[in-house]
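The structure under discussion appears below in the form of structure tokens.
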């Protein structure tokens, strides 16, 4: 596994870089499909942030921690990633045993636009996958939504977590 350690608004010492590479490198024993990991250290006033993004078997696994020390942040991020990897493997094995379950699409009414302004535009790679894979990917990223191409419907789908904790699917159609 390749591990890239960088800093934003902070100079990463050799000691910190080695420590992060050692801790993140140990995660490979839990999931051998990890190709590379990016470790980003950021400092905002007194807050130290460690953010790790890993690519494994076409999936993205991400964790972040904010604390008072970088070493502490690395420890917490490594623990969080380990839990995510274990949870992913367990769910993957359970779903293989159970087979696929159908997810009913949920349609949401369009609400009036608020006075909010767009502060960031982000390009999102859209991969072809089924509902189960999309759910696992969304949970690995710790996001509330996930965009994917559904090969069954041959359409772009948006999986999202509802306020009640359930999941919904947006399936865009031409108006």
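Exactly one condition in (1) farther than 22 Å from residue 161 by Cβ; (2) assigned to a helix (DSSP H, G or I); (3) modelled with pLDDT under 90 is false for residue 72; which is it? Only one criterion in (1) farther than 22 Å from residue 161 by Cβ; (2) assigned to a helix (DSSP H, G or I); (3) modelled with pLDDT under 90 is unmet by residue 72, namely (3). For residue 165, the conditions (1) under 18 Å from the mean Cα position of the chain (by Cα); (2) at pLDDT below 90; (3) at negative phi all hold with the exception of (3). Is it the case, given these coordinates, that residue 64 is surrounded by fewer than 18 Cβ atoms within 10 Å (Cβ to Cβ) and either at pLDDT 90 or above or out of contact with any strand residue (DSSP E or B) (no Cβ under 8 Å at 6 or more places or on another chain) (or both)? When the stated conditions are applied, residue 64 passes them.
Restricting the stretch 115-159 to residues that are under 11 Å from the mean Cα position of the chain (by Cα) and without any contact (Cβ under 8 Å) to a residue 24 or more places away in the chain, the residue that is surrounded by the most Cβ atoms within 10 Å (Cβ to Cβ) is 146.
Residue-wise test of (1) under 18 Å from the mean Cα position of the chain (by Cα); (2) surrounded by 17 or more Cβ atoms within 10 Å (Cβ to Cβ); (3) outside the structural domain of residue 75 (by TED's automatic domain parsing).
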site	(1), (2), (3)
23	no, yes, no
30	yes, no, no
34	yes, yes, no
37	yes, yes, no
43	no, no, no
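Residues in the stretch 128-151 that are out of contact with any strand residue (DSSP E or B) (no Cβ under 6 Å at 6 or more places or on another chain) and part of a loop (DSSP other than H, G, I, E, B) were compared, and the one that is modelled with the highest pLDDT is 130.
The values are calculated or read from the model by the stated rules, or taken from the named source; none is laboratory data. What you see is a predicted model; the values in this text were computed from it and never measured. Glycine also receives a Cβ, built like all others from the backbone with ideal geometry; neighbour counts cover every protein chain displayed.
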